[in-house]
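Written out below as structure tokens is the structure these notes cover.
The values are calculated or read from the model by the stated rules, or taken from the named source; none is laboratory data. Because the structure is predicted, anything quoted here is derived from the model rather than measured. Note that each Cβ is placed from the backbone with ideal geometry, even for glycine, and that neighbours are counted across all protein chains shown.
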Amino acid sequence: MHKFDFKDQTAVITGGAQGFGLDIAKRFLDSGCKVYIWDIDEKLLKIVADKINDPNLKYCVIDVSNYAEIEKIVDEITTKNKIDILINNAGITGPTEPLWKYDVEMWNKIIQINLMGTFNCCRAIVPSMIINNYGRIVNVASVAGKDGNANASAYSAGKAGAIGLTKSLGKELADKNIAVNAVTPAGAKTRILDQMSKEHVQRMLSKVPRGRFLEIHEFTSLICWLSSSENTFSTAAVFDISGGRSTY
């Protein structure tokens, strides 16, 4: 496994208490990074922090759809450390229903977390990256944001929005040493699958030419490169990791 150098860097990972976010946090810690994991699940955050037991790991109970909360904690962090890396990983899938039957409040909640959460974190953290003239931002979108999944209009729309945000922000920061990229994974073996019906999960799997779900460590390796100083040119881009599912 390739060893990345994140010594003397600080990362913020949203949705960091489980799944993709937790695996990324562990890999960053192993590479010398100071890591803040943000999640809404305080109980799970405490369990993870106690289990990892690393002084370079800090956690914050954060609702990414609440900009005021984010702005406050970013101010606290940046008085002590610069934020070099932001991984916008927090997200929910919501129920699998056709659009005309979708609960309006739930639709809005999914958009608030998956799209507005990404905007909120970028909005709060980018100014400090500009001051430092360094930053690596990776927005976790989804192949659903490229293809559109039937019976998942809110999730697909939110992730498509995150892709558009990435392209815009990457261009806005292209004259600085700040890279902004998105990744579009296919389904992976994480707890997010538990939010979906078995039929929906099987339909997702049937679209993947490799015939299996994404492994978490495969995803983390891509995130690490995009987050590293080795990535000196790629920005405003979308990196597919879908096992051959995506056609563009």
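Cβ separations smaller than 6 Å between residues 6+ apart or across chains give the following pairs from the range 221-244 residues that are in contact (Cβ under 8 Å) with a residue 40 or more places away in the chain to residues that are among the hydroxyl-bearing types (Ser, Thr, Tyr) and crowded, with 19+ Cβ neighbours inside 10 Å: 238/184; 240/184.
The number of residues in the range 124-145 being among the hydroxyl-bearing types (Ser, Thr, Tyr) and touching an Asp or Glu at 6+ places or on another chain (Cβ under 9 Å) comes to 1.
Residues that are loosely packed, with under 14 Cβ neighbours inside 10 Å and either under 13 Å from residue 152 (Cβ atoms) or touching a helix residue (DSSP H, G or I) at 6+ places or on another chain (Cβ under 8 Å) (or both) were ranked within the range 163-194; the one that is modelled with the highest pLDDT is 189. Filter the range 70-126 down to residues that are hydroxyl-bearing (Ser, Thr, Tyr) and assigned to a loop (DSSP other than H, G, I, E, B) and give me whichever is nearest to residue 163 (Cα to Cα). Residue satisfying both the conditions and the ranking: 93. Considering every residue within the range 145-165, establish whether at least one is of a type in the set (Val, Ile, Thr), in a helix (DSSP H, G or I) and touching a residue at least 60 places away in the same chain (Cβ under 8 Å). Checked against the condition, which is being of a type in the set (Val, Ile, Thr), in a helix (DSSP H, G or I) and touching a residue at least 60 places away in the same chain (Cβ under 8 Å), the range 145-165 yields at least one hit. Report whether or not residue 53 is at positive phi and either surrounded by fewer than 24 Cβ atoms within 10 Å (Cβ to Cβ) or of a type in the set (Ser, Thr, Tyr) (or both). Judged against the criteria, residue 53 is a match.
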